[in-house]
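What follows is calculated from the coordinates using simple rules that are stated; it is not laboratory data. Everything numeric in this text was worked out from a predicted model, so none of it was measured. Cβ: placed from backbone, ideal geometry, glycine included. Neighbour counts: every protein chain shown.
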Amino acid sequence: MTSPVTLSDPFYCDCDADPKPGQLVSVGVALNRGLALAAPVEQSETLPLDKAHGRVLADSVRAGRSLPMFDNAAMDGYAVRRADLAGKGPWRLPLAGRVAAGDPGDAPLPAGAAFRIFTGAPVPPGCDAVVAQERTRPEGRAVRLEQRPRRGENIRRAGDDLAVGAEIMPAGRRVSPRVAALLAATGCGEVTVRRRLRVAFFNTGSELRAPGAPLSPGQIWNANRALLRGALALPWVKAIDIGAVPDRPARLRKALEQASRDADLVVSTGGVSVGDEDHMPAVLSAAGGTVQVMKVAMKPGKPLMIGRIGKALYLGLPGNPVAAFVCWHVIGARIAEALAGITDGGPRRIIVRAGFERARQPGRCEFLPVRLGDYDGHGVRTVNAMAFEVSHRVALLAQADGLLLIPSETDRIRQDDMLEFIPFVD
């Protein structure tokens, strides 16, 4: 007997459970099977740092210098020696010079004097504190101090941020703006990155036409091509756009075989269900491919194929643009990240509070596009559903702030229930 599901545990979901015979494959199992096929690309290249933004580090990077590289002033003020501040204040110290950022700062501080110093400037020998200028009063060529500073006050010590030889970043991290800043600060002028992941994609459907082209009765504009082009517009991806392919097995097989020769990952949309015009399962088999996942217990997105053809991993997304997006966002993008060697990927999840009531049929893990609402008294955002039948509603998806994850065994969402939310970051 299955234990009742309570939403008091917001991370509960049986998506990771192994399927029983005859059941759909769960989201967790589908993802794990895909990840098991996803061996990271091995080739790498060395690039100048300014050409490596967004790329995936192939090797860990260690600091050749400490950060800071030398003791330096944390703010504008006066560098002093505390031993010169005898007795009770105030104290009046003559100025022996000034030190700005970029100066060597190697002249020792004369006894009983102070240096005018600016933020980032090296702290001269003999100084053990920097007094902020707000706590001083200039008096001609001297400075008046009202309070005794603490030892080390307003001094950034060498190595406080990073010790020489420490690992800056492990392999698998993307060179984000923050990572690039760190690499540059340690003098790293070039990095070794994995080669870009080659992703070939095509859209199946005799009804598809390019956006803006004239339409005959029964035809539609190709939304999935724009979806995948946008999703794959990443620095670590080389996208190979094969275009739209009519629902003819011979044409589909030719496109699939062409894609598999050139790519690490082949992605198609449409043709993966059980209708008479859903040819991709048979086409993959005829081309010598194998299938690890055929149908997934998720909504939207039940028709989803994961397999392999030649050396390439194959991902067959549904033809419905909303379902295709959800399958890519939840599963496909994770597989692509694994193939690229990314170790810090995956969607960010936060806990939110339901701002609606809804009864539902349990059995499939649901990813519902929702809008974010206000914060409650505990700092938790509420989410509001714009609709519940969403698989065909591209406009609603574009208006959403993210996906609400509804566990597969849940039969009712109540006002204020706590659930997981995957925010969109585009």
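Scanning the chain for GluC sites (Glu not before Pro) lying in DSSP loops with no more than 13 further Cβ atoms inside 10 Å, the longest uninterrupted stretch between such sites is 147-356. Solvent-free Debye calculation, one equal scatterer per alpha-carbon of the range 350-423: log10 I(q)/I(0) at 0.11, 0.24, 0.28 Å⁻¹ equals -0.24, -1.14, -1.45.
Sorted ascending by nearby beta carbons within 10 Å, beginning with the fewest, His329, His392 become His392, His329.
In order along the range 370-378, the phi-based Karplus estimate (6.51 cos²θ - 1.76 cosθ + 1.60, θ = phi - 60°) of 3J(HN,Hα) comes to 9, 9, 6, x, 7, 7, 8, x, 9 Hz; Gly and Pro are listed as x. Computed from phi, the 3J(HN,Hα) profile of the range 320-328 under the Karplus parametrisation 6.51, -1.76, 1.60 (θ = phi - 60°) reads 5, x, 5, 5, 4, 5, 4, 4, 5 Hz, with x in place of Gly and Pro. Taking Cα centre as origin and charging only the Cβ of basic (Lys, Arg, +1) and acidic (Asp, Glu, -1) residues, the dipole magnitude of the range 84-141 rounds to 280 debye.
Count Lys and Arg as plus one, Asp and Glu as minus one, and take only other residues whose Cβ is under 14 Å from that of Leu197; the net charge is then +4.
When Rg and the Kirkwood radius Rh are both evaluated on Cα atoms of the chain, their ratio Rg/Rh stands at 1.16.
Working note: Karplus 6.51/-1.76/1.60 with θ = phi - 60° gives the range 63-80 the couplings 6, x, 9, 7, 10, x, 7, 8, 4, 9, 6, 7, 7, 5, x, 9, 8, 9 Hz, where Gly and Pro are set to x. Helix-only arithmetic for the chain: the sum of -39500 (n - 2.57) across DSSP H runs with n ≥ 4, divided by the residue total, places the mean residue ellipticity at 222 nm at -4500 deg cm²/dmol.
Selection among Leu67, Thr119, Leu256 by position relative to the dipole of the chain gives Thr119 as farthest towards the positive end (Cβ unit charges, Cα centre). FRET efficiency for the pair Asp374 and Ala233, taken as 1/(1 + (r/R0)^6) with r the Cβ-Cβ distance and R0 = 35 Å, rounds to 0.60.
Neighbour counts of other Cβ atoms within 10 Å put Thr204, Thr192 in the fewest-to-most order Thr192, Thr204.
Between Arg135, Arg248, Arg308, the residue with the greatest mean-square fluctuation in the GNM of the chain (Cα pairs under 10 Å linked by springs) is Arg135. Placing +1 on each Lys and Arg Cβ and -1 on each Asp and Glu Cβ, with no other charges, gives the chain a dipole about its Cα centre of roughly 800 debye. Counted over the range 275-426, the DSSP beta bridges are approximately 90% antiparallel. Taking 0.36 nm per residue of separation and subtracting the Cα-Cα distance, full extension of the segment from Ala213 to Arg150 would add 15.4 nm. Here the relative contact order of the range 341-426, from alpha carbon pairs under 8 Å that lie six or more residues apart, stands at 44 percent. Between Arg225, Arg137, Arg371, the residue with the greatest mean-square fluctuation in the GNM of the chain (Cα pairs under 10 Å linked by springs) is Arg137.
Over the range 152-299, Cα pairs under 8 Å with separation of 6+ residues give a relative contact order of 23 percent. Counting only Cβ charges, +1 for Lys and Arg and -1 for Asp and Glu, the dipole size of the range 350-423 around its Cα centre is about 160 debye. A DSSP coil position with no more than 15 other Cβ atoms inside 10 Å describes none of the chymotrypsin sites (Phe, Trp or Tyr not before Pro) in the range 266-343. Which of these, Cys327, Cys188, Cys365, has the largest mean-square fluctuation under a Gaussian network model of the chain (Cα springs below 10 Å)? Result for the chain, Cα springs under 10 Å: Cys188 fluctuates most. As a rough footprinting exposure proxy, the listed residues Ser206, Ser26 were ranked by other beta carbons within 10 Å of their own, and the order from fewest upward is Ser206, Ser26.
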